[in-house]
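The next block holds one structure in the form of structure tokens; read it before the comments.
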Amino acid sequence: MNIISWNLNGLLANVKNETFDVFYDMIPEVLCFQETKTWQEPEILPGYRHFWNHAERNGYAGTVALVAPEVEVVSIRNTIGEDAGVNREGRVITLELPDFFIVNTYAPNSQKDLARKKYRLEWDEAYMEHLFSLKKEKPVIACGDYNATLSELDTFEENLRQHWAQQGYASDERSNLFTVLENGFTDAFRSFYPQERNCFTWWSNRLKKREENRGWRLDYFFVSDELMPQVKKVVHHTDIMGSDHCPIGLEVV
């Protein structure tokens, strides 16, 4: 099975620009998109079933998962935790397949002044409880934009001059990602490329940061340890444009 994850930074512009045509040759079984920013539900790729989770506010956040017709979907969940507040922005879609879960994830951004850090930490707590609960049932593949980096390897050198507690590199955000890894999950990309540098998935639109590859790795596949032997590759599709993020792909057999 091939799985694609991509923060779109806006769905409708990509539909208009026919950005998704690139996936016809890849034929992924599941596509997890984040930051749709719309209540509209256009057909993104013909033939795929579309599962939506919209934010309460139009034009903000939101996720959608596309599943090929041959893939059996046992159940769909659009919530985490018991607090309605963490579910108002449409940030998680959990697909239950016969053999494992796929969790499409768009983690909140703490913002530059850390104005939303409290919300981010509340969301992190509910999200981790969700993952760990799922993992008791069957293996999990969690993917998406986590708005944080795990190590210096995941951040362009000049960005490390930013204060340790700033967004994307805030110690609590990183600590929570490590908590996921310490509880039976593997950062699939790093399992294949443990010391590779400059493997980024997000670049600022300012200046020529993408052209010069001065970015951050914010997008991940976190895979249950017991499922990792079935993961054959992880790819960053840096040549695919349409967003300030690039799509990432995982193949599992």
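The values are calculated or read from the model by the stated rules, or taken from the named source; none is laboratory data. Note that the coordinates shown come from a computational prediction; the quantities given were computed from them, not determined experimentally. Here Cβ is always computed from backbone atoms with ideal geometry, including for glycine, and neighbour counts include all displayed protein chains.
Residues that are crowded, with 18+ Cβ neighbours inside 10 Å, more than 11 Å from residue 63 (Cα to Cα) and in contact with a Ser or Thr (Cβ under 7 Å, 6 or more places away or on another chain) within the range 104-117 comprise just one, 117. Among the residues of the range 30-51, the ones that are closer than 25 Å to residue 251 by Cα and surrounded by 18 or more Cβ atoms within 10 Å (Cβ to Cβ) come to 10 in all. Does residue 63 satisfy being at pLDDT 95 or above and touching a Cys at 6+ places or on another chain (Cβ under 9 Å)? For residue 63, the condition - at pLDDT 95 or above and touching a Cys at 6+ places or on another chain (Cβ under 9 Å) - is met. Do we have any residue at all in the range 203-213 that's farther than 17 Å from residue 144 by Cβ, out of contact with any Phe, Trp or Tyr (no Cβ under 8 Å at 6 or more places or on another chain), of a type in the set (Lys, Arg) and at pLDDT below 95? Scanning the range 203-213 turns up at least one residue that is farther than 17 Å from residue 144 by Cβ, out of contact with any Phe, Trp or Tyr (no Cβ under 8 Å at 6 or more places or on another chain), of a type in the set (Lys, Arg) and at pLDDT below 95.
Could you tell me how many of the residues in the range 111-132 are assigned to a loop (DSSP other than H, G, I, E, B) and within 21 Å of residue 8 (Cβ to Cβ)?
2
Here residue 15 fulfils each of the conditions (1) more than 30 Å from residue 121 (Cβ to Cβ); (2) assigned to a loop (DSSP other than H, G, I, E, B) apart from (2). Please find, within the range 52-82, the residue that is surrounded by the most Cβ atoms within 10 Å (Cβ to Cβ) out of those that are among the small types (Gly, Ala, Ser) and over 18 Å from residue 8 (Cα atoms). Among those residues, the one meeting the criterion is 81. Listed by first and then second residue, the pairs linking a residue in the range 216-236 that is surrounded by 17 or more Cβ atoms within 10 Å (Cβ to Cβ) to a residue that is part of a helix (DSSP H, G or I) and of a type in the set (A, V, I, L, M, F, W, C), with Cβ atoms under 6 Å apart and 6 or more places separating them unless they lie on different chains, are 221/188; 222/180; 223/188; 231/188; 234/188; 234/189; 234/192.
Quick check on residue 4: is it touching a residue at least 12 places away in the same chain (Cβ under 8 Å), closer than 28 Å to residue 238 by Cα and either in a helix (DSSP H, G or I) or under 19 Å from the mean Cα position of the chain (by Cα) (or both)? Yes.
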